[in-house]
1. How much length, in nm to one decimal, is gained on full extension between residue 37 and residue 51, taken as 0.36 nm per residue of separation minus their Cα-Cα distance?
2. Whole-Hz ³J(HN,Hα) for each residue in segment 10-25, computed from phi via Karplus 6.51 cos²θ - 1.76 cosθ + 1.60 with θ = phi - 60°, x for glycine and proline: what do you get?
3. List 66, 20 from most exposed to least, where exposure is judged by having the fewest other Cβ atoms within 10 Å.
4. Residue-wise, which Karplus ³J(HN,Hα) couplings in Hz belong to segment 32-49, taking 6.51 cos²θ - 1.76 cosθ + 1.60, θ = phi - 60°, and x for glycine or proline?
5. Would you work out which of 67, 36, 56 lies farthest towards the positive end of the dipole of segment 5-73, given +1 charges on the beta-carbon of Lys and Arg and -1 on that of Asp and Glu, about the Cα centre?
6. For segment 5-73, rounded, prolate or oblate, judged on the Cα gyration tensor with a ≥ b ≥ c (square roots of eigenvalues), a/c < 1.5 rounded, else prolate if a/b > b/c?
7. Would you mind working out the magnitude of the charge dipole of segment 5-73 relative to its Cα centre, with +1 at each Lys and Arg C-beta and -1 at each Asp and Glu C-beta, to the nearest 20 Debye?
Amino acid sequence: MTIRLTRLEDALADSPGPVSRNVGAALVAARATLEGSLRMPLPPAQHAQTQSLMQAVQAAEAILESIARRYSTSYGKPTAAGNGRGDRRSQNA
């Protein structure tokens with residue numbers, strides 16, 4: 001699963017709730033698939049790769065939660081002094 005962070009940040013700035021739910025659902029589905037794979041007998045190399053993917057999904061879930069929480073507050077939203085776009089990248093430029 002590849003997610004371009006800038007696109008994700010822009011989408012979260014516009015609507016943090018729905019976007020985080022959609023991405024979160026994809027991560028939950030990926031985790032469920034990986035958990036199912038780990039319950040099956042796998043060759044050692046494939047088992048190690050599946051465990052690494054599981055750790056990556058768990059990290060992505062934690063990152064998504066943190067970013068979504070940040071964007072559900074005033075962070076990332078346009079302000080009177082801001083540029084009106086609502087994304088952090090251009091506000092920090």
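No lab work stands behind these numbers, since they all come straight from the coordinates. Quick caveat, the model's predicted, so the values are computed rather than measured. Neighbour counts are summed over all protein chains in view; Cβ atoms, including those assigned to glycine, are modelled from backbone coordinates with ideal geometry.
1. Numbers: separation 14, 0.36 × 14 = 5.04 nm, distance 0.95 nm.
Gain in length upon complete extension: 4.1 nm.
2. 4, 5, 5, 5, 6, 8, x, x, x, 5, 5, 5, 5, 5, x, 5
3. Values: 66 10, 20 20.
Fewest-to-most ranking of 66, 20: 66, 20.
4. 4, 4, 5, 4, x, 5, 5, 7, 8, x, 10, x, x, 5, 5, 5, 4, 5
5. Most positive-ward Cα: 36.
6. Working: a/c = 3.60, a/b = 2.80, b/c = 1.29.
Judged from the Cα gyration tensor, segment 5-73 comes out prolate (a/c at least 1.5, a/b above b/c).
7. Numbers: 6 positive and 6 negative charges, 28 e Å.
Charge dipole of segment 5-73: 140 debye, to the nearest 20.
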